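Read the structure below first, then the notes.
FYI, it's all coordinate maths here, none of it is from the lab. It should be emphasised that the depicted structure is a prediction, and the values quoted were computed from it without experimental measurement. Virtual Cβ from ideal backbone geometry, glycine too; neighbours counted across all protein chains shown.
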Ligand code: SAM
Ligand code: SF4
């Protein structure tokens with residue numbers, strides 16, 4: 001079969017990283033091999049993110065850049081198919097078609113299993129001299145997973161496994177319920193099968209994914225109603241899985257049983273990404289978050305009882321409509337109280353079609369920027385403190401790739417810290433995908449470093 005080149009640019013969250021990997025899987029049997037640059041690709045996919053305005057706008061500037069490459073290829077008598085997938089495609093499919101005639105096809109996050117058919121259709125239209133304009137933005141999730149489960153898995157040490165998609169929480173700032181659709185949990189039977197396939201392919205660390213991963217629920221092999229805690233316990237029994245992570249969780253669905261899994265199960269890594277968004281109860285209510293700052297802090301306290309060393313990560317939004325300086329101070333207080341190992345923080349970005357975008361009291365951009373830089377300075381300091389706190393300890397590190405230096409490898413600690421390990425140039429290859437003990441002897445905000453213990 002003639003080999004063709006596929007270039008995918010991934011924007012945004014881990015769900016998109018997962019979707020990109022699956023697109024590579026579905027195109028492989030069609031003869032498409034992944035490449036690092038778009039210039040000479042036969043198929044270019046932009047797997048987009050709609051969560052904030054900046055992310056969405058980047059897509060249009062990238063389309064402009066790729067148009068030039070497509071024109072150059074055309075002059076040489078070759079075709080490039082340009083596709084826009086992901087959440088911008090879902091939310092603004094028709095507008096993309098209008099604004100960017102160079103785009104051959106647009107598809108949403110739930111239809112990319114049809115990519116081979118869409119590409120063939122596009123190429124056949126082009127060969128007949130017709131314009132290819134394909135739009136596929138349906139939201140039927142189960143069909144996608146049925147198709148994807150049939151594909152082979154490449155040999156690797158870490159993998160994502162989507163267990164849940166979509167969201168019914170409708171936080172007033174967020175587009176996810178509109179772009180990814182209603183909450184949907186995959187069947188436990190299918191998940192166990194997929195997980196066993198991953199373990200056979202050499203996966204030692206699996207990260208369970210979902211927009212609301214801890215809202216996962218289903219009926220088990222023996223007819224019991226299961227949630228995420230039971231699923232994690234079941235997957236931990238699979239031979240080969242040494243590390244299990246899950247993301248992203250909502251405070252509303254953090255059950256006591258799930259906290260207990262962190263205390264009981266050595267495979268469940270001591271790290272939890274639990275977005276809070278804000279520290280002010282008034283703002284949390286306006287965000288429709290269904291938790292307040294006290295209930296969030298209670299979860300963290302109870303979790304630390306189960307697993308005292310757990311690393312906490314979070315998401316924050318500053319400058320939500322109506323946020324006063326007092327509200328912002330409450331966010332800073334909550335951060336000081338919780339002490340984060342790592343966090344993501346953003347300026348509120350009004351998203352078309354969401355209730356918050358229509359609220360009257362939007363916050364000035366300069367105020368948002370100032371609050372964000374203050375919050376980020378505090379979070380950065382906490383991350384450095386957390387990293388410094390492991391100096392002198394021996395941590396198990398899963399080696400994921402080559403390190404910064406010739407004689408070093410890169411990996412992740414149980415707490416999700418990036419780790420640089422000096423191992424000697426002769427060991428760099430053989431350690432890939434292995435879990436090793438590392439004596440930590442240095443740290444900064446971004447990573448920790450050490451030597452083999
Ligand atoms: N489901 C997760 C939760 O409940 O927190 C997060 C989903 S979202 C993909 C990731 C993060 O993007 C959110 O936690 C929030 O902090 C941020 N985000 C979402 N909408 C935003 C907006 N309109 N402006 C700024 N940040 C936003
Ligand atoms: Fe968006 Fe809220 Fe759903 Fe998270 S819980 S995906 S922030 S609507």
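Results, tabulated for the structure shown:
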| item | result |
| --- | --- |
| Counting DSSP beta bridges with both ends in the chain, the antiparallel % (nearest 5) | 35 |
| Solvent-free Debye scattering, log10 I(q)/I(0), computed from the Cα coordinates of region 177-295 at q = 0.11, 0.17 Å⁻¹ | -0.41, -0.91 |
| The chain, relative contact order [Cα under 8 Å, separation at least 6], % | 9 |
| Pairwise Cα inverse-distance average, inverted: Kirkwood Rh of region 62-150 (Å) | 13.7 |
| Gained length - residue 376 relative to residue 156, 0.36 nm times residue gap less alpha-carbon distance | 75.8 nm |
| Computed [θ] at 222 nm, helices only, for the chain once each DSSP H run of length n ≥ 4 contributes -39500 (n - 2.57) | -11500 deg cm²/dmol |
| Approximate shape of region 116-241 as ellipsoid semi-axes (Cα gyration tensor, √5λ), whole Å, largest first | 31, 21, 13 |
| Å³ per residue enclosed by the Cα convex hull of region 1-147 | 106 |
| Cα-based Kirkwood hydrodynamic radius, region 303-450, one decimal, Å | 17.5 |
| Mean separation of Cα contacts under 8 Å, 6 or more apart, over the residue count of region 389-443: relative contact order % | 43 |
| Projected-area average for region 250-363 over all orientations - Cα convex hull basis, square nanometres | 7.3 |
| Part-to-part distance (alpha-carbon centres) for region 232-295 and region 93-142, which is given in Å | 37 |
| Alpha-carbon centroid distance for the pair region 370-430 / region 332-353, whole angstrom | 22 |
| Region 216-257: mean projected area of Cα convex hull, nm² | 3.5 |
| All-pairs Cα distance distribution in region 392-453, expressed in whole percent, bin size 10 Å | 27, 63, 10 |
| Radius of gyration, Dmax [the chain; alpha carbons; angstrom] | 22.8, 67 |
| Region 197-271 - share of DSSP beta bridges that are antiparallel (%, nearest 5) | 35 |
| Net length gained if the chain between residue 405 and residue 37 were fully extended (0.36 nm per residue, minus Cα distance) | 130.0 nm |
| Fraction of beta bridges assigned by DSSP in region 141-231 that are antiparallel (%, nearest 5) | 50 |
| Overall form of region 144-212 per C-alpha gyration tensor (a/c, 1.5; a/b vs b/c) | prolate |
| Inter-centroid distance (Cα atoms) of region 1-55 relative to region 151-189, Å | 18 |
| Kirkwood Rh in Å, taken over region 377-416 so that all alpha-carbon pairs contribute | 11.7 |
| Average Cα contact separation per residue, region 1-113, under 8 Å, 6 or more apart, as relative contact order % | 26 |
| Kirkwood Rh, Cα atoms: Rg over Rh of region 9-83 | 0.99 |
| Cβ-based exposure ranking for 50, 291, 217, in which fewest neighbours within 10 Å come first | 217, 291, 50 |
| Per-selection Rg to Rh, region 334-395 - Cα, Kirkwood hydrodynamic radius | 1.16 |
| Segment residue 434-residue 297, extension gain: residue separation times 0.36 nm, minus the distance between their alpha carbons | 45.8 nm |
